[in-house]
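All of the numbers you see were taken from the coordinates with simple rules; none came from a lab. Quick caveat: nothing in here was measured; it's all calculated off a predicted structure. Positions of Cβ are generated from backbone atoms using ideal geometry, with glycine treated the same way; all protein chains shown enter the neighbour counts.
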Amino acid sequence: MLPHSEACVRNQAAILDQLAQIFTAPGQLLEIGSGTGQHAVYFGAHLPHLVWHTSDLPAHHAGIRAWLDQAALPNVQPPLALNVESTDWGMAGLDGVFSANTLHIIGWPQVQALFAGAARVLRPGGRLVVYGPFNYSGQFTAASNRQFDQSLRQRDPASGIRDFEAVDTLAQQHGLHLLADHAMPANNRLLLWKRAD
């Protein structure tokens, strides 16, 4: 049985609209935290000019492989066992790195490692795209985000919705410059950074 995330179904069209504008040329993209695998097959089908590399912790690989096997897309690659805290992701010169709904799940040290690793594997001029909820000036953008944050922290005190300013500062420290901050449905954002040329 295929794993299923209703959130993926709800947000995939809106995210695709942005990705299609960001990645217009053929290239290689790494998805960090592929989860169920639904995003990979949806975006891979609609963006055939991109080679989409899936990744996640090994516990999620069976579900990702099930989606990939069903879709049989030549441009979507089997999942890599990626621990963001590793100093060697086994890739380099990528045109893009994409991650959806991960920064509020992992701890801050892992967020720091994700940005360091993304900067390391992106080619000069490569793009980092992050989707999810963010706070601004330490404030929640909606009551639903406040409730979501509380539920996250009850499950894992190290998790929680991140402050945009802290994340952008982290990106800048690794030579990633903010190009866009797009409002998305359901009080989410899509953040786009470019690695320095």
Next on the checklist: Restricting to bridges with both residues inside the chain, how much of the DSSP beta-bridge set is antiparallel, in percent to the nearest 5?
Outcome noted: 45
Checklist entry - Ordered by residue, what ³J(HN,Hα) values in Hz, to whole numbers, does segment 122-137 give under the Karplus form 6.51 cos²θ - 1.76 cosθ + 1.60, where θ = phi - 60° and Gly and Pro are x? => result 6, 6, x, x, x, 10, 10, 10, 10, 10, x, x, 9, 8, 10, 6
Checklist entry - Any idea what the alpha-carbon Rg over 2.2 N^0.38 Å comes to for segment 109-197? => result 1.12
Checklist entry - Which whole-number percentage describes the relative contact order of segment 15-104, with Cα contacts under 8 Å and a sequence gap of 6 or more? => result 35
Checklist entry - Once the piece of chain linking residue 173 and residue 120 is laid out straight, how much longer is it, given 0.36 nm per residue of separation minus the C-alpha distance between them? => result 17.9 nm
Item to check | Formal net charge of residues neighbouring residue 30 (Cβ-Cβ distance under 15 Å; K, R +1; D, E -1) | outcome: 0
Checklist entry - Simple spin-label model, 7 Å along Cα-to-Cβ: residue 2 to residue 49 in nm? => result 2.6
Item to check | Residue of 69, 168, 95 that the Gaussian network model of the chain assigns the largest fluctuation, springs spanning Cα pairs under 10 Å | outcome: 69
Item to check | Residue among 22, 105, 64 with the largest mean-square fluctuation in a Gaussian network model of the chain, springs linking Cα atoms under 10 Å | outcome: 22
Item to check | Structure-based [θ]222 nm, the chain - -39500 (n - 2.57) summed over DSSP H runs of at least 4, per residue, nearest 500 | outcome: -11500 deg cm²/dmol
